[in-house]
Amino acid sequence: MTIPSDKDALTPMMQQYFSVRNSLPDDTVLLFRLGDFYELFYRDAEVASSILDITLTRRQNYPMAGIPYHAAENYIGRLLAAGKKVAICEQVENPALAKGIVKRKLTRILTPGTTMEDSQVDARHQHYILSFFTDKRGIHASWLDLTTGTFCIASAIELFDMLAIFHALRPREILVPEMAFDSWKEIVAREHHGAYAQLLNFVETCPYTRIPEYHFEPAFAVKMILETLGVLNLQGFGISLDNPSLCPAGALLQYVTETLCSKPENLRKLTEYNPKNRLLIDPATQRNLEIFRSTQGARDGSLIAAMDATVTSQGARLLENFLSNIVLDLPEILRRQNCVGHFLDNPGMLHELRETLRTVRDMERILSRLENHLCYPREIGAIRDTVNVLPEIHRLLKEFSGEEIEQLKQRIGHFDDLRELFAKALSDTVSGKIEDGGIIRDGYDERLDYLRGLTSDSKNWIANMQQKEIERTGIRSLKIKYNNAFGYFIEVSKSNLSLVPEDYIRRQTTVNGERFYTAELKEKEKEILSAEQKIQEREQTLFDLLTKQVLEHVDGLRSTAQTLCEMDVFCGWAKLAREWNYVKPIIDGSDVIEIRQGRHPVVEMMISRQALGLSNTFSFVPNDTVLASSEEQIALLTGPNMAGKSTYIRQVALIAYMAHVGAWVPAASCRLGLIDRIFSRVGASDELSRGNSTFMVEMNETANILNNATAKSLIILDEIGRGTSTYDGMSIAWAVAEYLHDAFPEGGPKTLFATHYHELTQLEKSLPRLCNYSVLVKEWNDEIIFLRQVVRGAADRSYGIQVARLAGLPQTVINRAKVLLAELEGDSTNSNVSVMTGAEKQKTAVTSENKRKVDATAGEPEASREKQLKQQTPIGKLEVRHLPTPDNEKSQLELF
């Protein structure tokens, strides 16, 4: 935005406004503080009016709008949610003491990724801002959660590997180098699909900012990092100064410094994320396994929702971090498992500990705001409340055995001196803002107590004066009042104006009367307002001192907060293990997956909820799984649709995923070796906006698996090749199975391969490490009942027509499909299928109707039903067969 051409015509205040506004990017909305309001002008006012639904007015022919200062957080949150950046220009001096125009200063620029205010971030989710760039060495990235101080870098040769990390982070904002971003678009325009297309699509789904290329220069970046962290080098973090991922880290810090209008003070550590020692889950697999979101895009129905039994917001964030950042560190995995086991051993104390943890406040984020001078008095009260429950937590932890629990207890501080300070200095009830007063406890500071005594006496003096004036004037309705505009005044109604004494000085005329003051009242007003101003200033001084004393303990408080997060997660997992009968998995260096009576953690919970209140309740059907890279490497699974193939192969992947996180798993027993990657190819949809069909999406995902899988990977494949013609699809599926087997002569990735191509079951004869499995069904009276049981051997057929009937296809279509199927199965080499005549179709329809009537008259005597049906049909001889009805199995079929 530029200053209007008639600059000299601008008021001093508007000149001040434009000096700030012109320093900001066009995509930023400026909130300009004027008294009790934030005002917006010109285009900013028009944008805010549309988003916030506030009144747009005009002054001197330019648009303007305003929002109340006290309600600004809510409005700012809505602007950020709309993808806008919000700059705050504050008054930096007291208007009452200002000489000329009030001084104002740009104090903060809020963006979707750098906001820290509690009302503008999701308490139970991480809040990352991400920066990255590419060069000949690969892709390099850095991400930061300013609300907690988490700061990481990473480099990867393969773009797909970094994309897996990005999708797990789910950043709120992305920074990209502006020139490189244009080159990526050119690559995608030529290739249409591939890694860069996925990268570009990922960026464009988030708020992103293009920043100058020089911010990614190595020298500039290293300087920013060293200055921000306050170190001379990065050797203490195990990071070399020539690490290419420092470039996006420096660009990120420059952006954050600009938005905070100061250096971020809560960054203590830079961590290098190494993809080689992580369990990588590519974006397609995250989506297919519904790790963070269900296929409907909701958290409910996802794995993280099923694993979340936390009682604190910071615990929920740590769980999210565990699931998005799985470190292949066997001692750490065992530590987490053992903590769960120790908490599980004492369920009574576990319940009491969880109830105590509910009272813990979000110290992790509060401390970050405190360090960046954004903390409110109420949040100091929250730290006080958390410190006060630490003795009780120490007491409860003594009731649990185990070395791992003892380690947790040792990491939780006591803070006796801080607790004593809070008891002396802080009021029991702490207000939200310093100007609200009442933060410091009476008796803590003599000067403050004296000033408060003055205001208390002054209030009594005002009350006494009001009574004295009533008696002196005889005006019974006389009131002494106060407002910000006129200070203290005497209010007299119109009917009593004749009684006003001569020493009353008129101040204002109102609709109902007039307002006056006296010399005595005016003098007392100065004394009262001076005392109140001094009280606020003294409380501010004491609060700043208290904040400084809290910050002296910040490292210990942060360590304690992180430990309480871990306890919350582990206690939640222990609760789930007890309620759902989970077991501790054995993780070792073998190449096997042995799961006995495994269950799908999400589906089991959903089935249990659906069964509540039903008379014929049911439970999830568990299944075994045995895979080994060097023996039974590939399990080829056949069976009809809806039989449970997809649920089964997904549950194996989810159990392996949970085990690597350190949680207990839904099974009777579980043993598996460390897995480096989990791949899935389950379902697909068109990506028409990117020019990709269903089949292209399927092939892209399959290619990623074949190009990146190792002997330590786990792969689940569902219906490979179904996006094209039958023979093409079957050929591709066949070739994929052979490749996964033959490309790894000593033992390949453990693979669950679900398919409808029954011809693939012949591979068991030629591929030694491939075994056939199928899902059992029971056929009854031309209907099927899904038993959900996985057994050794191939399925005899697909039962597609029976499933079609369950889906509600018209019976005429079902009967015609049977005729066609019989002809195709009778001569699989003959592509000519007979065309049914109209009369034949009518006959089929009549037969269908009779079958329906047989079912409908099942309760009538046999002879009468047979006679009735013979009279109603034009078909010659009709044989009526009577079969018993398995009511219990039909009920099960309906429920499933």
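The antiparallel fraction among DSSP beta bridges confined to the chain stands at about 60%. Near His167, once Lys and Arg are set to +1 and Asp and Glu to -1 for all other residues with Cβ below 15 Å from its Cβ, the sum equals -1.
3J(HN,Hα) along segment 621-627: 8, x, 9, 8, 9, 10, 9 Hz, from the Karplus curve 6.51 cos²θ - 1.76 cosθ + 1.60 with θ = phi - 60°, whole Hz, x for Gly and Pro. Each Lys or Arg adds one and each Asp or Glu takes one away; over the other residues whose Cβ falls under 13 Å from the Cβ of Ala316, this sums to -2. Working note: Debye formula, equal point scatterers on the alpha-carbon atoms of segment 433-486, no solvent; log10 I(q)/I(0) at q = 0.13, 0.21, 0.24 Å⁻¹ is -0.51, -0.87, -0.97. In this label model, Asn201 and Ala711 are separated by 3.4 nm, measuring between points 7 Å along each Cα→Cβ vector.
A simple spin-label model places pseudo-atoms 7 Å from Cα toward Cβ; at Glu399 and Glu579 they are separated by 1.9 nm.
A helix-only calculation puts the chain at -14500 deg cm²/dmol for mean residue ellipticity at 222 nm, using -39500 (n - 2.57) for each DSSP H run of at least four residues, averaged over all residues.
Each residue, Lys479 and Ala519, gets one label point 7 Å from its Cα in the Cβ direction; the gap between the two is 2.9 nm. To the nearest 10, the accessible area of Met349 is 40 Å² with a 1.4 Å probe. The Cα-based radius of gyration and maximum Cα-Cα distance (Dmax) for segment 59-217 are 19.7, 65 Å. Amide H contacts of Leu146 (H built 1.01 Å from N, in plane; Pro and chain starts excluded): Ile129 sit under 5 Å, all sequence-distant by 5 or more or on other chains. Remark on segment 380-509: ratio of C-alpha radius of gyration to 2.2 N^0.38 Å is 1.91. Of the solvent-accessible surface of segment 328-444, computed with a 1.4 Å probe over protein heavy atoms with every protein chain present, carbon and sulfur atoms account for 47 percent. Near the amide H of Ile586, within less than 5 Å, lie the amide hydrogens of Cys670, Arg671, Leu672, all on another chain or at least 5 residues away, with H placed in the peptide plane. Packing-based ranking of 433-444, 170-181 yields 170-181, 433-444, ordered from highest to lowest mean Cβ neighbour count within 10 Å. Extension gain, Arg472 to Asp742, is 86.3 nm, computed as 0.36 nm per intervening residue step minus the present C-alpha separation.
Which residues does a label at Arg609 reach in segment 290-311, if reach means a backbone N under 11 Å from a point 7 Å past the Cα toward the Cβ? Only 299-302, 305-306 fall inside the zone, counting backbone N under 11 Å. In order along segment 663-674, the Karplus-derived 3J(HN,Hα) couplings, from 6.51 cos²θ - 1.76 cosθ + 1.60 at θ = phi - 60°, round to 8, 7, 10, x, 6, 7, 7, 7, 9, 7, x, 4 Hz, and Gly and Pro are given as x. Converting phi to 3J(HN,Hα) with the Karplus coefficients 6.51, -1.76 and 1.60 and the offset θ = phi - 60°, segment 255-268 yields 5, 5, 4, 5, 6, 7, 6, 5, 5, x, 9, 9, 8, 10 Hz in sequence order, with x at every glycine or proline. The length gained by stretching the chain between Lys548 and Val592 to full extension, at 0.36 nm per residue less their Cα-Cα distance, is 10.3 nm.
Rounded to the nearest 5, the antiparallel percentage of DSSP beta bridges internal to segment 1-148 is 85%. For segment 67-141, the share of accessible area belonging to carbon and sulfur comes to 53 percent (1.4 Å probe, ligands and nucleic acids excluded).
By a 1.4 Å probe calculation restricted to protein chains, Arg268 has an accessible surface near 110 Å², given to the nearest 10.
Using only alpha carbons, segment 11-136 has a radius of gyration to Kirkwood radius ratio (Rg to Rh) of 1.02.
Normalised size of segment 694-792, defined as Cα radius of gyration per 2.2 N^0.38 Å with N residues, equals 1.18. With bins 10 Å wide beginning at 0, the percent of Cα pairs of segment 555-654 falling in each bin runs 11, 32, 29, 18, 8, 1. Per residue, the solvent-accessible area of the chain (1.4 Å probe, heavy atoms of protein chains only, all protein chains present) comes to 46 Å². Across the alpha-carbon set of segment 308-400, the Rg to Rh ratio works out to 1.02, Rh being the Kirkwood radius. Considering amide H positions built from the backbone, and no H for Pro or chain starts, which residues 5 or more places from Glu117, or on another chain, come under 5 Å of its amide H? Here nothing satisfies the definition.
Averaging over all projection directions, the Cα-based convex hull of segment 185-294 occupies 9.5 nm² in the image plane. Of all DSSP-defined beta bridges confined to segment 7-94, some 70% are antiparallel rather than parallel. Of the residues Thr429, Gly402, Phe415, the one whose Cα sits farthest towards the positive end of the charge dipole of segment 379-441 is Thr429 (charges of +1 on Lys and Arg Cβ, -1 on Asp and Glu Cβ, taken about the Cα centre). Please label the shape of segment 464-557 as rounded, prolate or oblate, based on the square roots a ≥ b ≥ c of the eigenvalues of the alpha-carbon gyration tensor (a/c under 1.5 means rounded; beyond that, a/b larger than b/c means prolate, else oblate). It comes out prolate by the Cα gyration axes. Ranked by solvent-accessible area (1.4 Å probe, protein heavy atoms only, all chains present), the residues Phe292, Phe237 order from largest to smallest as Phe237, Phe292.
A 1.4 Å probe, protein heavy atoms only, puts the accessible area of Lys494 near 120 Å².
Taking 0.36 nm per intervening residue step and subtracting the Cα-Cα distance, what contour gain separates Glu502 from Phe486 on full extension? Full-extension gain reported as 3.7 nm.
Ellipsoid fit via the Cα gyration tensor, the chain: semi-axes of 66, 35, 31 Å, each the root of five times an eigenvalue, largest first.
The values are calculated or read from the model by the stated rules, or taken from the named source; none is laboratory data. Just so it is clear, the structure is predicted and the values come from calculations on it, not from any experiment. As a convention, Cβ positions derive from the backbone with ideal geometry for all residues, glycine included, and neighbour counts pool all protein chains shown. In case anyone asks, the SASA skips ligands and DNA or RNA and just uses the protein heavy atoms, side chains included. Shrake-Rupley method; radii C 1.70, N 1.55, O 1.52, S 1.80 Å.
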